[in-house]
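Notes for the one structure printed next.
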Amino acid sequence: MRLTFDEAHHHYWLDGERLPGVTEVLSDLSMTKRLDPGWLAAARERGKLVHKAIELYNQDDLAEDSVDKSIVGYLTAWKRFCHDYKFKPLMTERIVYSERWRFAGTLDVIGSWQVNKHPRLVLADAKSGLEDPAHGPQTAAYVHAAVEMEILEAASRKDLPQRCAVRVQADGYYKLDRFSHPSDWSVFFAALECWKFKQKHGLL
């Protein structure tokens, strides 16, 4: 079984079959479809810079003086989150996929954090944009794929990592959205079935 990723088109391929990406599946449910295209394009470019800086920081491989001045505040916000929750990254920018349900995606980071003074495993997605209802189903899909790949072990629901989005802000602060609703996976799965229907009938 061989998975490849076409970064230019953001397409995932499994043994020659294109698998839909998690964010692609959820595009119809995302706030991004309702935003001004010009603003959205600029936000996406900024998001790429922010994500790369955070990825390198998580890997302890960031040259601080190389960070674009326009995103310093966003990086500071991520550092603040790591400090506040004693967050320690264990796995960053990992491509995951579900052979059973035929989808793929790239999770931001899995690590440990302190909640009520107790260490817990958490899947955290760094965001530099707005709050979005699609973030809960998105993180649930990543967890589901990671468990199927046996990257994560989960004998029961309580063993699953906690899920959150860390919305970093330009002012150096962040907003934390935590997800625990059991319907998050169901929503993603329904969206996945709709994507497959549209693909089958040439509606994409």
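No value in this document is a laboratory result; all are computed from the given coordinates. Predicted model only: the values in this text are computed from it and were never measured. Glycine also receives a Cβ, built like all others from the backbone with ideal geometry; neighbour counts cover every protein chain displayed.
Of the residues in segment 88-98, none is in contact (Cβ under 8 Å) with a residue 60 or more places away in the chain, closer than 23 Å to TYR12 by Cβ, among the polar types (S, T, N, Q) and surrounded by fewer than 21 Cβ atoms within 10 Å (Cβ to Cβ). Say whether the condition of being under 30 Å from ARG80 (Cα atoms) and touching a Cys at 6+ places or on another chain (Cβ under 9 Å) is met by at least one residue in segment 52-65. Checking segment 52-65: at least one residue is under 30 Å from ARG80 (Cα atoms) and touching a Cys at 6+ places or on another chain (Cβ under 9 Å). Do you know which residues across segment 32-59 are in contact with a Pro (Cβ under 9 Å, 6 or more places away or on another chain) and surrounded by fewer than 14 Cβ atoms within 10 Å (Cβ to Cβ)? Listed by number, the list holds a single entry, GLN59. Of the residues making up segment 43-71, those that are of a type in the set (D, E, K, R), under 17 Å from GLY111 (Cβ atoms) and in a helix (DSSP H, G or I) number 1. Going residue by residue through segment 4-23, is there one that turns out to be loosely packed, with under 12 Cβ neighbours inside 10 Å, in a loop (DSSP other than H, G, I, E, B) and within 15 Å of the chain's Cα centre (by Cα)? Yes: segment 4-23 contains one or more residues that are loosely packed, with under 12 Cβ neighbours inside 10 Å, in a loop (DSSP other than H, G, I, E, B) and within 15 Å of the chain's Cα centre (by Cα). Looking across segment 165-190, the residues that are without any contact (Cβ under 8 Å) to a residue 60 or more places away in the chain and aliphatic (A, V, I, L, M) come down to ALA165, ALA190.
For residues in segment 92-122 being under 15 Å from HIS51 (Cβ atoms) and not acidic (Asp, Glu), which is nearest to the chain's Cα centre (by Cα)? Selected residue: LEU107.
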